[in-house]
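Q: I'd like to ask some things about the structure below.
The values are calculated or read from the model by the stated rules, or taken from the named source; none is laboratory data. From a predicted model like this one, the values you see are computed outputs, not experimental measurements. Positions of Cβ are backbone-derived with ideal geometry, glycine not excepted, and every protein chain shown enters the neighbour counts.
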Amino acid sequence: MAILSGQHRDRTVAIVGAGVVGLACAVELLDRGSAVILYEGGPRIGAKACSWYAGGMLAPWCEGESAEEPVVRLGQEAAGWWARHTDQVVRQGTLVVAPSRDRSELRRFGQRTSRFEEIDGEAIARLEPDLAGRFSRGLFFGEEAHLDPRRAVVALADRVLAKGGTIHVDSPIDPADLDAEIVLDCRGLAARDVLHDLRGVKGEMLILKSDEVALARPVRLLHPRIPLYIVPRADGHFMVGATMIESEARRRISARSMLELLGAAYALHPAFAEAEIVEIGTDARPAFPDNLPRLTRRGRVIHVNGLYRHGFLLSPAMARMAADAVINPQSRPEMLHDLAA
């Protein structure tokens, strides 16, 4: 068992799972004076977390196109929270475009979302010069942001240590076996042993490298069947994702998904045809039947789970509510469900 350690305090909360929501809960609790010990089953931060393959878009208003109202409202906390705790947030907004043949998809997207500006081809070219002449209409969500998920979770783990928390890596532990007054179970799909209505939703993504394309912000390319997005990262890398398949399979991308992801990149800019495929990522994201996250309290254990594809967007709000439930057991955070011990 490897141990990363900061200073200890008197009162201790144990957290099982050091993915994005476990780390966010740790930071919130440390800020409120609790001592925190995290147990991570993987050999390093991010190794077993589905957040390793996330897009990192802090885009609550765009998510309103298909997500429930709490996702839009609670997600508005995300950009400010991440900016306070890491230096990873890029505030350049989100650009949504569609080929001319799919203009109706752009109208539909606008009808289901808010806080955007309708822009023409010239405005698109000013925002993203490499897309000049490629799209005549778009929607610009100027208040949205994004981050690199892998750098962000590592930065958050460093934040936990700097605030005095302790992280045990390579430590797969059943929360019921911990001798702690309060335990937060943030294990994702591994918590199906007690959260029986939890299901997996497979997500597939690519990381491409191209020196011929430059983007300053995430670009969503709408398509009638499967809208996709491309998120810029450092050194000419782009995350292209992501599929949503009702499957708990964590390995192997399908041929159809590969074609759709590559086709989306090519449709956005033909230069992606010459891009290098750096990585193919697949994982299963935990979701409840309504696709909304929950705090589930069962005796001394509080489960924080079901963030679906909104891990980075909703972790700050869920961590705030989890900390409220820990500090004040009489509190009733919005997403809390109580189960018999």
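Q: For segment 80-194, give me every one of the strands (runs of 3 or more DSSP E) that falls completely inside it and has 2 or more residues that are buried (at least 19 other Cβ atoms within 10 Å of the Cβ).
A: Because the criterion is at least 2 residues that are buried (at least 19 other Cβ atoms within 10 Å of the Cβ), the strands (runs of 3 or more DSSP E) in segment 80-194 that meet it are 94-97, 137-141, 166-169, 183-185.
Q: Which number in (1) buried (at least 19 other Cβ atoms within 10 Å of the Cβ); (2) of a type outside the set (G, A, S); (3) free of Cβ contacts under 8 Å to residues at least 60 places away in the same chain; (4) part of a loop (DSSP other than H, G, I, E, B) marks the one condition that I45 misses?
A: It fails just one condition, (3).
Q: Is it the case that segment 275-284 has a residue that's among the aliphatic types (A, V, I, L, M) and crowded, with 24+ Cβ neighbours inside 10 Å?
A: The answer is no, given that none of the residues of segment 275-284 is among the aliphatic types (A, V, I, L, M) and crowded, with 24+ Cβ neighbours inside 10 Å.
Q: A further question follows. Evaluate the following for A271: is it in the same structural domain as A125 (by TED's automatic domain parsing), in contact (Cβ under 8 Å) with a residue 40 or more places away in the chain and buried (at least 17 other Cβ atoms within 10 Å of the Cβ)?
A: Criteria not met by A271.
Q: Considering each of V90, V36, V72, V21 in turn, give the residue that is farther than 28 Å from P175 by Cα, modelled with pLDDT of 95 or more and touching a helix residue (DSSP H, G or I) at 6+ places or on another chain (Cβ under 7 Å).
A: Going through V90, V36, V72, V21 in turn, just one is farther than 28 Å from P175 by Cα, modelled with pLDDT of 95 or more and touching a helix residue (DSSP H, G or I) at 6+ places or on another chain (Cβ under 7 Å): V72.
Q: So T243 ticks every box in (1) loosely packed, with under 15 Cβ neighbours inside 10 Å; (2) hydroxyl-bearing (S, T, Y); (3) touching a strand residue (DSSP E or B) at 6+ places or on another chain (Cβ under 6 Å) but one. Which box is left unticked?
A: For T243, the exception is condition (1).
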